[in-house]
Amino acid sequence: MKKYVYLFTEGNAGMRELLGGKGANLAEMTNIGMPVPQGFTITTEACTQYYEDGRQINDDIMAEIMKNVEIMEQINGKKFGDLKNPLLVSVRSGARASMPGMMDTILNLGLNDEVVAAMIAGNPDPKFERFVYDSYRRFIQMFSDVVMEVGKKYFEQLIDAMKEKKGVTYDVELTAADLKELAEQFKAEYKKQLGEDFPSDPVVQLKEAIRAVFRSWDNPRANVYRRDNDIPYSWGTAVNVMPMVFGNLNENSGTGVAFTRDPATGEKKLMGEFLTNAQGEDVVAGVRTPMPISEMEQKFPEAYEEFIDVCNKLEDHYRDMQDMEFTVENGKLYMLQCRNGKRTAKAALKIACDLVDEGMIDEKQAVLMIDPRNLDTLLHPGFDADALKKATPMGKGLGASPGAACGKIVFSAEDAKAAVEADPKAKVVLVRLETSPEDIEGMKSAQGILTVRGGMTSHAAVVARGMGKCCVSGCGDIKMDEENKKFELAGKTFHEGDFISIDGSTGAIYDGIIPTVDAQIAGEFGRIMGWADKYRRLGVRTNADTPKDAQKARELGAEGIGLTRTEHMFFEADRIAAFREMICSDTLEERVAALAKIEPMQQADFEGLYEAMEGDPVTIRLLDPPLHEFVPTEEDDIAALAKAQGKSVEAIKAVIASLHEFNPMMGHRGCRLAVTYPEIAEMQTRAIIKAALAVRARCGYKIEPQIMIPLVGEVKELAFVKGVVVKAADELIKEAGSDMKYLVGTMIEIPRAALTADEVAREAEFFSFGTNDLTQMTFGFSRDDAGKFLKDYYDKKIYESDPFARVDQNGVGKLVAMAVKLGRQTRPDIHLGVCGEHGGDPSSVEFFHKTGLDYVSCSPFRVPIARLAAAQAAIKEGK
């Protein structure tokens, strides 16, 4: 028989998967002699079974729960529903990973009219009567809200009405008679809302409460939290049932929450809050203002002394900063929970380094302690914490690129650029339906970018991450009117020039200005990164299109450039004209003449990148997007182009119309352009090789250019384009009398290239996996449109995470693994990397490590994340 219920004495910290974090830690605290009220944990497997059985707790599991209720009654010498010695319990959730506030809790379970009357009869103290009614009204309110889903607001309105009637401000000022009356009002409200009496049988109450905790695993806020934090739905939650201890018994009781170190700074000092005559939710919910934990010493000297001892023992035992919940009942301390505390990124680095210095952990454990995703917040400006607490978001999109931004709304890239040119101190937030490559200058000028459409790998998200700009994408609740420069959100209309604030880490959007604070990288950052570099095997490069991005990435530890997108360079004003001339040319000679104007500009771009990287490898991708992205759309621009070309407006419009494609992402782009127009590949190769030769001669760096041919699906097309590249490169190297070597490789982004990687490797000297396009082509949906329907897929549990943000290991991952294996069979020394956005996602980095790639490449600000994730992957594998 499978065991679904464990007493606290039967578990331990290693049983986290089965007992959840809270249950495993309650068992562990019991084992090491902490004062824990003795109860039991219903396992995560029982939760899975509940969902498999159609959201029902089956009879076998229920019988096992009731058997453990009897044991709990014997241990505690109290009984459910007993009038002399009633047992009251709390029912709490507890998943494997900490999910603060995401699931449900019920306190004071086991109370009914008879138990309440008997308890009061047994203790004549009027204060005790108040305590019993206070507990009862709390239980009715919590049970109604959490278990039966009657909204909290109905009860809060009744409490407010009672306080008004009695002329008091706080709940604690209400008398026993007031609370008794409230309990009656609450039960009447329950009946009014549900059409049935409040359940008085404690066993019925318990069964319903356990069901409610299981059900809360699937509530909307838990689902969103799991998706954001990489927690699988299949894990389920455990349920902890334990006897109540009462912090609201009298003035000699209280409840608190504490951390063994400061969770904001990491400083080694006890931090926390305490409330006398209160229950746990009062501290967490901020109903009353608590006192700092140090004041507990005056109030409860013995319990405080014991608590300090418990804190030291727990930190010593778990070798990490602990977050604890505790209650003092009549001067006696009880521990209700401990867990490794949530902390800011700054605190995480300090605590890890301090624990190494204190001899508690080694370097590898320190590296494993830090969540790589949290490093993002260290590298970008953030909102002032106090101001943020007071603010309420008016909307939410996807946190596509971290950081905080506030400024005046502008609706076009031109307006953003113009505002900052007019006043370099101006702060603007660019709000668009979606961005496109020509918005790049406006995106540079803006503090942040907010889009209505698009996901985590939309143009806005990718470009913003590369620049280290804050971006919130895909806020579908915005009703946009770009033409009239206004939008509607949360019932308010915003016009150009109004102020908004956006948080690129959480996706939250705020009305008005929230002050920001600059990023600060402390000394501990360098120490942790040094340890990470010591233990990782994977190389980490960056995706960079400008010397400035490349420079930033090197500062953050990049060991080369894994992707330079040359098309971004064509959008600058002086070049776009020449490139449009090339597109509208009628003959090969005209095209070559137009490209000749661009070649020196491209060469200067590449020289800047080679100089910034000082001899580290630089991989440059040949032109990738379809030509229609470069042609003008505005009438004035079309007329100007016609004039420059000496052609009629109609002739230019005909060229533009001929470039229109039904599905441009799968159209005439990548290496297909080079097959039709080899002169483009030839010009770009000349610029790459000339730049490398010039920088070698000038700076003495040992440069070996890596030329990447995109979107290959057939080895013959790669062979054709490679022929063009090699001919141009060899001529220039020979002319220069140089012995410079170079590599020609390809991006693996079409499934067919992965399936035939053994053939492709005959021509390619390196593979770089373009996982953005590979994901798009494998799933068969466009990354720019998927945001419209992916939410339905999350809600219906078809997908658990965005496949563009976290690599799909079952499908796309199989193609990557297959291409690695086939590529190495043909060419054992082939270089293998990844340059999609997945290169900066920690769980994807771990997968690339296991698959045997040589390096990952990601946007500059994600380089530290990839370094840390790569080290963690290597350390875990070593274990």
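Any chance you could give the angle, 0 to 90 degrees and rounded to 10, that helix 812-826 forms with the longest Cα principal axis of the chain?
50 degrees
Ranked by accessible surface with a 1.4 Å probe, highest first, in what order do Asp320, Asp53 come?
Reading off the accessible areas and sorting them downward yields Asp53, Asp320.
So what are the ³J(HN,Hα) numbers for the stretch 460-475, from phi and the Karplus equation (6.51, -1.76, 1.60; θ = phi - 60°), rounded to whole Hz, Gly and Pro as x?
With the stated coefficients, the stretch 460-475 comes to 4, 5, 5, 5, 4, 4, x, 7, x, 8, 5, 8, 10, 10, x, 8 Hz.
What chymotrypsin sites (Phe, Trp or Tyr not before Pro) does the stretch 100-209 have in DSSP loop regions with at most 16 other beta carbons within 10 Å?
The qualifying sites are Tyr170.
Can you give the convex hull volume per residue for the Cα atoms of the stretch 472-526, as a whole number of Å³?
Per-residue hull volume (Cα only) is 116 Å³.
The stretch 9-78 to the stretch 769-823: how many Å between their Cα centroids?
When both Cα centres are located, 38 Å separates them.
Just in the stretch 696-757: which chymotrypsin sites (Phe, Trp or Tyr not before Pro) are loop by DSSP and have at most 16 other Cβ atoms within 10 Å?
Answer in residue order: Tyr701.
Under a Cβ-Cβ cut-off of 12 Å, what is the net charge of the residues other than Ala692 that fall near it, where Lys and Arg count +1 and Asp and Glu count -1?
+3
If each of Ile513 and Lys492 carries a label point 7 Å out from its Cα toward its Cβ, how far apart are those two points in nm?
Modelled inter-label distance: 1.5 nm.
Using only Cα atoms and rounding to the nearest 10 degrees, what angle (0 to 90) does helix 16-31 make with the longest principal axis of the chain?
So the helix axis and the longest Cα principal axis differ by about 50 degrees.
Quick one: of the DSSP bridges fully inside the chain, what percent are antiparallel, nearest 5?
60 percent
Keeping every protein chain in place, order Asp785, Asp439, Asp218 by accessible area at 1.4 Å, biggest value first, i.e. largest first.
Putting Asp785, Asp439, Asp218 in descending order of accessible area: Asp785, Asp218, Asp439.
Can you tell me how the stretch 491-561 classifies by the Cα gyration tensor, rounded, prolate or oblate, using a/c under 1.5 as the rounded cut?
Prolate is the answer for the stretch 491-561, as a/c is 1.5 or above and a/b outweighs b/c.
Would you work out the relative contact order for the stretch 597-738, in percent, from Cα pairs under 8 angstrom that are 6 or more residues apart?
About 38 percent, as a whole number.
Calculate one ³J(HN,Hα) per residue across the stretch 349-355 by plugging θ = phi - 60° into the Karplus curve 6.51 cos²θ - 1.76 cosθ + 1.60, and present them in order as whole Hz with x for glycine and proline.
5, 5, 4, 4, 5, 4, 5
Solvent-accessible area per residue for the chain at a 1.4 Å probe radius, Å²?
Accessible surface, normalised per residue, equals 41 Å².
Using +1 at the C-beta of Lys and Arg and -1 at the C-beta of Asp and Glu, which of Val328, Leu815, Thr43 has the Cα lying farthest in the positive direction of the dipole of the chain?
Highest projection toward the positive end goes to Leu815.
Greater than 28 Å separation of Cα atoms is the criterion. Which listed pairs, Lys479/Lys791; Lys425/Lys597; Lys350/Lys552, meet it?
Pairs exceeding 28 Å: Lys425/Lys597.
Could you list the trypsin sites (Lys or Arg not before Pro) in the stretch 667-716 that lie in coil according to DSSP, counting only those with at most 11 other Cβ atoms within 10 Å of their Cβ?
Qualifying residues, ordered by number: Lys702.
For the stretch 704-846, count all C-alpha to C-alpha pairs, find those more than 22 Å apart, and express that count as a whole percent of the total.
Here the tail beyond 22 Å accounts for 45 percent of pairs.
For a quick size check, give me the Cα extents of the stretch 647-709 along its three principal axes, largest first, whole Å.
51, 29, 15
Amide H neighbours of Gly455 under 5 Å, at least 5 residues apart or on other chains, H built in the peptide plane: list them.
It is Gly787, by chain and number.
Nothing charged except the Cβ atoms of Lys and Arg (+1) and of Asp and Glu (-1): what's the magnitude of the dipole of the chain about its Cα centre? Round to the nearest 20 debye.
1080 debye
State which entries of Lys534/Lys814; Lys444/Lys469; Lys3/Lys876; Lys22/Lys342; Lys269/Lys342 exceed 19 angstrom in Cα-Cα distance in the structure shown.
Correct reply: Lys534/Lys814; Lys3/Lys876.
Tell me, what % of the accessible area of the stretch 114-224 is carbon and sulfur with a 1.4 angstrom probe?
The nonpolar share, carbon plus sulfur, comes to 51 percent.
Local charge sum around Glu629 (other residues, Cβ-Cβ under 11 Å, Lys/Arg +1, Asp/Glu -1)?
-3
So what is the relative contact order of the stretch 306-452, in percent, for Cα pairs below 8 Å that sit 6 or more residues apart?
Relative contact order for the stretch 306-452 comes out at 14 percent.
Cα centroid distance between the stretch 372-438 and the stretch 644-709, in Å?
Going from one Cα centre to the other spans 33 Å.
One quarter of the convex hull surface, Cα atoms only: what value does that give for the chain in nm²?
Over every viewing direction, the Cα hull of the chain projects on average to 40.9 nm².
Accessible area, 1.4 Å probe, largest first: how do Arg862, Arg138 sort?
Accessible-area ranking of Arg862, Arg138, largest first: Arg862, Arg138.
Quick one: with all protein chains in place, what share of the accessible area of the stretch 592-716 is carbon or sulfur, to the nearest percent (1.4 Å probe)?
It is 56 percent, rounded to a whole number.
Starting from the alpha-carbon convex hull of the stretch 728-767, give the projected area averaged over all orientations, in nm².
Taking the Cα atoms of the stretch 728-767, their convex hull projects to 3.3 nm² on average.
Can you give the alpha-carbon Rg of the stretch 360-502 over 2.2 N^0.38 Å, where N counts its residues?
1.14
For the chain, what relative contact order do you get, as a whole percent, if you take Cα pairs closer than 8 Å and at least 6 residues apart?
After rounding, I find 9 percent.
Relative to the first principal axis of the alpha-carbon coordinates of the chain, what is the inclination of helix 842-851, with its axis defined by its Cα atoms, in degrees from 0 to 90 and to the nearest 10?
With rounding to tens, the tilt is 60 degrees.
For the stretch 117-208, what does the alpha-carbon gyration tensor say about shape, rounded, prolate or oblate, given a ≥ b ≥ c as the root eigenvalues, a/c under 1.5 as rounded, and a/b over b/c as prolate?
Oblate shape, in that a/c is at least 1.5 and b/c is the bigger or equal ratio.
Can you pull the accessible area of Ser294 for me, 1.4 Å probe, Å² to the nearest 10?
Its accessible surface works out to 60 Å², give or take rounding.
Taking amide H positions as placed in the peptide plane 1.01 Å from N, state which residues far from Ile370 in sequence (5 or more) or on other chains have amide H under 5 Å from it.
Under 5 Å from the amide H of Ile370: no residue qualifies.
List the extent of the Cα atoms of the stretch 160-291 along each of their three principal axes, largest first, rounded to whole Å.
Its Cα atoms span 46, 38, 27 Å along the three principal axes.
What shape does the stretch 248-358 take by its C-alpha gyration tensor, where a ≥ b ≥ c are the square roots of the eigenvalues and a/c under 1.5 counts as rounded, a/b above b/c as prolate, and the rest as oblate?
prolate
Find the all-direction average of the projected area of the Cα convex hull for the stretch 512-653, expressing the result in square nanometres with one decimal place.
Across all orientations, the stretch 512-653 yields a mean hull projection of 13.6 nm².
The values are calculated or read from the model by the stated rules, or taken from the named source; none is laboratory data. Keep in mind that what you see is a predicted model, and the values were worked out from it rather than measured. Using ideal geometry, Cβ is built from the backbone for each residue, glycine included, and neighbour counts are taken over all protein chains shown. For accessibility, only protein heavy atoms count, side chains too; no ligands or nucleic acids. Shrake-Rupley method; radii C 1.70, N 1.55, O 1.52, S 1.80 Å.
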